[in-house]
1. For the subset of the stretch A:130-145 comprising residues that are in a loop (DSSP other than H, G, I, E, B) and within 12 Å of chain B (Cβ to nearest Cβ), which member is nearest to the chain's Cα centre (by Cα)?
2. Take the conditions surrounded by fewer than 21 Cβ atoms within 10 Å (Cβ to Cβ) and touching a helix residue (DSSP H, G or I) at 6+ places or on another chain (Cβ under 7 Å) and apply them to residue B:60. Does it pass?
3. Out of the residues in the stretch A:273-288 that are assigned to a helix (DSSP H, G or I) and more than 11 Å from every other protein chain (Cβ to nearest Cβ), which is farthest from residue A:127 (Cα to Cα)?
4. Residue by residue through the stretch B:79-88, note down the ones that are out of contact with any helix residue (DSSP H, G or I) (no Cβ under 9 Å at 6 or more places or on another chain) and within 23 Å of residue B:10 (Cβ to Cβ).
5. Can you tell me which residue among A:156, A:160 is in contact with a strand residue (DSSP E or B) (Cβ under 6 Å, 6 or more places away or on another chain), within 8 Å of chain B (Cβ to nearest Cβ), touching a residue at least 24 places away in the same chain (Cβ under 8 Å) and not in a helix (DSSP H, G or I)?
6. Inspect all residues belonging to the stretch A:257-265 and state whether any of them is within 26 Å of residue A:125 (Cα to Cα) and either at pLDDT below 95 or not in a loop (DSSP other than H, G, I, E, B) (or both).
7. Residue B:127: crowded, with 24+ Cβ neighbours inside 10 Å, more than 7 Å from chain A (Cβ to nearest Cβ) and on the phi > 0 side of the Ramachandran plot, yes or no?
8. Yes or no: residue A:148 within 11 Å of another protein chain (Cβ to nearest Cβ), crowded, with 22+ Cβ neighbours inside 10 Å and over 20 Å from residue A:291 (Cα atoms)?
């Protein structure tokens with residue numbers, strides 16, 4: 001089968017609530033996939049290993065594996081703690097070695113990065129960021145995270161971005177909700193994540209009607225955050241994924257409010273005239289995560 | 001003379017109020033320098049050309065020229081408007097061609113970038129950012145600007161960063177000053193630039209005593225901005241230059257408040273334990289600007 005489809009890659013989208021494992025090819029086609037809840041590291045990673053073992057028997061050997069994981073994590077191959085989760089509120093996962101159990105079974109290169117950097121790489125390879133060298137992939141759901149490419153390479157630096165935790169203007173007159181981030185209270189994530197919406201309005205985001213005032217306020221905070229990212233990074237495009245951004249009414253609001261808050265300061269036609277192609281949803285849709293892991297596998301090779 | 005000192009480079013630090021022109025060598029040594037007020041583009045650039053013509057007669061030919069300029073500007077060599085200033089409040093400089101008059105006289109490569117990207121490159125070459133691939137250079141003075149390297153290359157993306165214009169939390173109870181940015185009111189620059197300090201407190205920043213409450217508030221805003229940049233970019237170091245940051249009492253306050261506002265969220269010893277070497281002044285001091293221009297010249301070659 002390898003003769004026909006070329007190399008095979010394993011991808012793991014490691015989320016805080018569920019793991020998605022898939023085998024894909026160089027074209028970003030998924031040949032096999034499974035998903036299961038995230039429990040303990042031992043149990044969860046054993047299920048991932050079991051899936052790949054089984055698949056390689058029918059599909060053929062994997063050329064490499066990519067893991068796009070929740071964080072914070074250590075993505076630096078030169079570090080002794082490469083492939084580990086850093087201190088996290090998620091029970092049992094602090095200092096968990098994610099890459100180790102895979103490496104013990106599969107003697108192939110293993111890529112490891114944040115879920116958002118993975119998704120960014122997938123969008124760059126097959127989706128909404130093809131041909132760009134500097135862009136952001138933002139996810140707004142249970143948490144808020146951001147990654148991307150700058151100068152053609154994934155963002156790392158000291159560790160990796162934590163875009164959900166930037167401070168934002170927060171008027172208590174406009175919005176008395178105090179924010180729900182355990183570290184920073186009313187940071188971007190504390191004001192605009194799915195759980196923040198639920199706590200502020202007393203109902204899950206997906207149950208709020210499209211004309212609920214929640215969406216205007218949500219777009220307000222997202223637009224302020226985008227202005228912050230635009231002024232800091234000067235991205236060529238911003239991709240917004242995650243459950244909250246899937247509400248069809250919110251993207252036009254975000255675009256309009258981003259233009260308003262930038263106030264024509266950044267003189268680029270991409271923002272002034274073509275905002276609809278500047279702030280976009282993921283082209284890979286719900287597959288952005290696992291295809292991102294496949295893209296990390298390819299890059300590891 | 002070239003035999004002894006190697007190649008010679010021309011550097012222009014193009015500021016909003018003054019131009020500094022210099023000839024330097026590969027070691028970052030300045031062999032000749034002049035400074036004059038920024039007037040009209042024609043007159044100012046003619047003085048720069050005149051200086052380099054004169055110097056080459058005694059020192060020898062220039063291998064390349066670098067311009068580190070106030071912005072906004074077009075730093076993309078592939079663009080038709082490369083080397084131009086973009087729309088700016090500075091009278092006479094909108095759409096000014098900065099590189100053209102130099103190219104008309106000197107048949108050498110000409111580098112062109114923002115003043116802060118230039119300063120960042122200079123600090124990377126000879127100063128406080130040697131060996132790093134991802135860091136920020138921030139200047140806080142008449143305006144606030146930021147640049148830097150990400151993944152080993154200068155930050156560009158869509159255009160170039162405008163770090164002074166990120167939104168920040170602003171409590172009117174704590175600080176009733178409404179901000180003085182003509183575009184955004186109370187953005188980072190609107191709250192924390194030199195003119196903002198002067199307008200808020202009724203006295204120039206350099207005349208305020210070291211125990212004036214202005215410095216605590218100033219450090220508060222700078223720390224919030226640094227948290228924003230750290231969460232967005234994950235820099236390995238932050239260099240803070242500019243007149244305001246030269247007050248010796250402010251850097252310790254900024255370091256302490258940055259740790260406080262991050263609240264140990266970014267688990268790196270560089271921030272948790274070694275903040276004194278994470279947030280630093282420019283090693284090149286007052287020469288960071290013009291040496292940055294020399295570094296841009298070298299890179300253009």
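The values are calculated or read from the model by the stated rules, or taken from the named source; none is laboratory data. Given the structure is predicted, the values throughout are model-derived calculations rather than measurements. Cβ coordinates were reconstructed from backbone atoms using ideal geometry, including for glycine residues, and neighbour counts include every protein chain displayed.
1. Looking at the filtered set, the residue picked out is A:134.
2. Details: surrounded by fewer than 21 Cβ atoms within 10 Å (Cβ to Cβ): yes; touching a helix residue (DSSP H, G or I) at 6+ places or on another chain (Cβ under 7 Å): yes.
It is true that residue B:60 is surrounded by fewer than 21 Cβ atoms within 10 Å (Cβ to Cβ) and touching a helix residue (DSSP H, G or I) at 6+ places or on another chain (Cβ under 7 Å).
3. At the first step, the residues of the stretch A:273-288 found to be assigned to a helix (DSSP H, G or I) are A:275-278, A:285-288.
Now drop any that are not more than 11 Å from every other protein chain (Cβ to nearest Cβ), which leaves A:275-277, A:285-288.
On the way: A:275: 18, A:276: 16, A:277: 13, A:285: 9, A:286: 12, A:287: 10, A:288: 8 Å.
My answer is A:275.
4. Initial filter on the stretch B:79-88 (out of contact with any helix residue (DSSP H, G or I) (no Cβ under 9 Å at 6 or more places or on another chain)): B:79-81, B:86-88.
Within the stretch B:79-88, B:79, B:81 meet the criteria.
5. Numbers: A:156 fails: in contact with a strand residue (DSSP E or B) (Cβ under 6 Å, 6 or more places away or on another chain).
Of the residues listed, the single one that is in contact with a strand residue (DSSP E or B) (Cβ under 6 Å, 6 or more places away or on another chain), within 8 Å of chain B (Cβ to nearest Cβ), touching a residue at least 24 places away in the same chain (Cβ under 8 Å) and not in a helix (DSSP H, G or I) is A:160.
6. Quick first cut of the stretch A:257-265, residues within 26 Å of residue A:125 (Cα to Cα) only: none.
No, the stretch A:257-265 has no match at all.
7. Numbers: crowded, with 24+ Cβ neighbours inside 10 Å: yes; more than 7 Å from chain A (Cβ to nearest Cβ): yes; on the phi > 0 side of the Ramachandran plot: no.
Here the answer is no, as residue B:127 does not meet what is asked.
8. Details: within 11 Å of another protein chain (Cβ to nearest Cβ): yes; crowded, with 22+ Cβ neighbours inside 10 Å: yes; over 20 Å from residue A:291 (Cα atoms): no.
Considered against the rule, which asks whether it is within 11 Å of another protein chain (Cβ to nearest Cβ), crowded, with 22+ Cβ neighbours inside 10 Å and over 20 Å from residue A:291 (Cα atoms), residue A:148 comes out as no.
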